[in-house]
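Structure, as structure tokens:
The values are calculated or read from the model by the stated rules, or taken from the named source; none is laboratory data. All of these numbers come straight from a predicted model, not from anything done at the bench. When we count neighbours, we look across all protein chains shown, and the Cβ atoms used for this are built from the backbone with ideal geometry, even at glycine.
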Amino acid sequence: MIAQNLKPAEILLVEDNPDDVDITLRAFHKLRVAYTLHVVRDGQEALDFLFCEGEYSGRAGLPRPDLVLLDLNLPKVDGPEVLAKIRASDGLSTMPVIVLTVSERQEDIQGSYKLGANTYITKPVDFAKFMHAVEVLGEYWIAIAKLPSRAA
């Protein structure tokens, strides 16, 4: 059994594909660690959530996510721009960001790491493999990795 953090991990999933959201939710449900998963459907909504703006202005003072799972291909604001804004923010710059996307293009992989992604994972097409990848990812980043303390 993997040891759990005392406080549930706050995770932000930035994903516009409803099927991928569903698979990710199902995979996280199987985790043996405590977490709260927030889902936003586009890059602008992700920025509003992270910076407590727009419809998320009421989040000011609440804990920021411990981890962001970020798709690259998003409406409104794309994933690389979201990642760049996270890394440019003093309050968010150390937040772990995992790119979870369908792209296997070297330009996307290298670009994501240059922008400061902590990990780049290509979503497996096979359902079982995708479930397994999300489970392993969740257990590592929530239960094993040492994360920076979250500030409001």
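Identify, from the list ARG59, ARG64, the residue that is over 28 Å from VAL125 (Cβ atoms), buried (at least 16 other Cβ atoms within 10 Å of the Cβ) and within 14 Å of the chain's Cα centre (by Cα). Write out each step before concluding.
Working: ARG59 fails: within 14 Å of the chain's Cα centre (by Cα).
Only one candidate passes the filter, namely ARG64.
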Among the residues of region 124-145, count how many are surrounded by 13 or more Cβ atoms within 10 Å (Cβ to Cβ) and under 16 Å from THR101 (Cβ atoms).
5
Does region 125-139 contain any residue that is among the aromatic types (Phe, Trp, Tyr) and without any contact (Cβ under 8 Å) to a residue 40 or more places away in the chain?
no
Consider ILE121 against the criteria (1) touching a residue at least 40 places away in the same chain (Cβ under 8 Å); (2) in contact with a strand residue (DSSP E or B) (Cβ under 6 Å, 6 or more places away or on another chain): it satisfies all of them except one. Which criterion is unmet?
(1)
Test: VAL82 is under 13 Å from LEU13 (Cα atoms), in contact with a helix residue (DSSP H, G or I) (Cβ under 7 Å, 6 or more places away or on another chain) and modelled with pLDDT of 95 or more:
yes
Only one of LYS76, LYS85, LYS30 that is within 21 Å of PRO124 (Cα to Cα) and either crowded, with 17+ Cβ neighbours inside 10 Å or charged (D, E, K, R) (or both)
LYS30
